[in-house]
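Heads up, the thing below is written out as structure tokens.
The values are calculated or read from the model by the stated rules, or taken from the named source; none is laboratory data. Computed from a predicted structure; not experimentally measured. Cβ sites come from the backbone with ideal geometry, for glycine too, and all protein chains shown count toward neighbours. What goes into the accessible areas is simple: the full protein's heavy atoms, side chains included, and nothing from ligands, DNA or RNA. Shrake-Rupley method; radii C 1.70, N 1.55, O 1.52, S 1.80 Å.
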Amino acid sequence: MRLSQNFTKTRKEAPADEQARNAQLLIRAGFVHKEMAGVYAFLPLGKRVLDNIAQIVREEMNAVGGQEVQMTVLQPRELFERTDRWDDAKVDNWFKTKLVNGTELGMGLTHEEPVVDAVGEFINSYKDLPVMVYQIQNKFRNELRAKSGLLRGREFVMKDMYSFARNQEEHTKIYEMVAVAYAKVYDRLGVGAETYRTYADGGIFTEKFSDEFQTLSSIGEDTIYIHEAKKVAVNKEIYTDENLAKLGLEKSELVEKRGVEVGNIFPLEAKYTDGLGVKYTDEDGNEQSIIMGCYGIGVSRLVGLLAEHFADDKGLVWPENIAPAKVYLVQIGQESKEAADVLYSELMTKGIEVIYDDRDERPGAKFADSELMGIPYRITVSDRLLGDEKFEFTPRATGVAELLTHEELLAKLG
């Protein structure tokens, strides 16, 4: 990408009404546009980050047998009435709309009912199970107070997966397998060491605990109590002597921290499958209930968390695997333009994503933008270095520059 052709620009200051640091950085770097409170548009560089995170999540869900689908945003009222979830007294953060003929519809709050309705067409026998389907899709929630930038929004991108099992034993096996997959996701995103599987309230569907995945952060909205040795935590909402006893934990071993919820998994029992009349026939010809699980990861929320987590006083500091590009190429002076153009083409041919700052700007402005955007490596091609056939190579994380030959540069970039 040539910055001279990119329609976005960086800004020195964030909007006065934006208090969250993650959104301030992303707006200043030109990654997102704030449409309104809790609603952000992803611009070209931000979309790359979003897609990179989504791809990591997708790969790990595929690895455990998830099948990707794309469900509809518009949802029929009748499905939710059958599971007793249409009434605002039961679910108070719906966005609802009407067709011109007066038919009421819901807007992508959650997808348990539509997924059961779709998958249920294909489940008849025990031979059709187990099944896991997931999607990565925009969700809409009528939050009373959107806050914390991308961490709590009214429109956001979420991965939601649903499992269908023949019995509780099979469900538990799937549930634990997905929990391991979640740990791999957070490891690949660079926050695995700070992310804890956290026991939480199982809600109205089960007497068991649900599981959240909480990343330690000073901006976290949740209070959790972590057990360092066991790498588990307990949400404050269930932090009682009785529950700790059930979990085999001692208060003296737990440390209070703040966390950002970056994922959750919870058992649904047969609430939705029974409610919608979706069952299967076992080996003996008997009709049986299908046991479900639900597994969510807020993909756009992760953009906000990682922007806050990987940053310094100069701007963003993206890890390589989620950055919008690997290299920020700076061209300085008139004589070096041809050499920079050639290097840009060579890197792109090798499959190395490059943001090429070919703008007619001062070197200081270019360097400042490279630091604000957080691209992992900056390469400077300048008239001053042209005679020595050297390039200045600067990792964003360290800021320590070194002069490299063409061959050394390519070796550094793999």
Going by the structure shown, is Glu13 under 16 Å from the mean Cα position of the chain (by Cα) and either modelled with pLDDT under 95 or over 14 Å from Leu306 (Cα atoms) (or both)?
-> no
State which residue is least open to solvent (accessible area, probe 1.4 Å) when the search covers only the range 208-234 and only residues that are closer than 27 Å to Ala20 by Cβ and assigned to a loop (DSSP other than H, G, I, E, B).
-> Gly220
Restricting attention to the range 355-379, which residues are within 10 Å of Ala325 (Cβ to Cβ) and open to solvent by 30 Å² or more (accessible area, probe 1.4 Å)?
-> Tyr377
What number of residues within the range 270-295 satisfy the criterion of being buried (at least 20 other Cβ atoms within 10 Å of the Cβ) and part of a strand (DSSP E or B)?
-> 6
Determine, yes or no, whether Val191 is over 27 Å from Met292 (Cβ atoms), surrounded by 15 or more Cβ atoms within 10 Å (Cβ to Cβ), of a type in the set (A, V, I, L, M, F, W, C) and in contact with a His (Cβ under 9 Å, 6 or more places away or on another chain).
-> yes
For the range 353-381, pairs from a residue that is closer than 13 Å to Phe393 by Cβ and without any contact (Cβ under 8 Å) to a residue 12 or more places away in the chain to a residue that is open to solvent by 30 Å² or more (accessible area, probe 1.4 Å) and not basic (Lys, Arg), with Cβ under 9 Å and 6 or more apart or across chains, are none
Take Thr281 and decide whether it is among the β-branched types (Val, Ile, Thr) and touching an Asp or Glu at 6+ places or on another chain (Cβ under 7 Å).
-> yes
Over the range 18-60, the set of residues without any contact (Cβ under 8 Å) to a residue 12 or more places away in the chain and either in contact with a Cys (Cβ under 7 Å, 6 or more places away or on another chain) or under 14 Å from Leu305 (Cα atoms) (or both) is none
Taking the range 99-157 on its own, how many of its residues are over 21 Å from Gln19 (Cα atoms), open to solvent by 70 Å² or more (accessible area, probe 1.4 Å) and not in a loop (DSSP other than H, G, I, E, B)?
-> 4
What is the one condition in (1) under 25 Å from Asp357 (Cα atoms); (2) surrounded by fewer than 19 Cβ atoms within 10 Å (Cβ to Cβ) that Val49 does not satisfy?
-> (2)
State all residues of the range 341-393 that are part of a helix (DSSP H, G or I) and either within 20 Å of Val32 (Cα to Cα) or touching an Asp or Glu at 6+ places or on another chain (Cβ under 7 Å) (or both); if no residue qualifies, say none.
-> Lys366, Ala368, Asp369, Ser370, Glu371, Leu372, Met373, Asp383, Leu385, Leu386
(1) within 31 Å of the chain's Cα centre (by Cα); (2) modelled with pLDDT under 95; (3) open to solvent by less than 10 Å² (accessible area, probe 1.4 Å) all hold for Leu385 apart from (1)
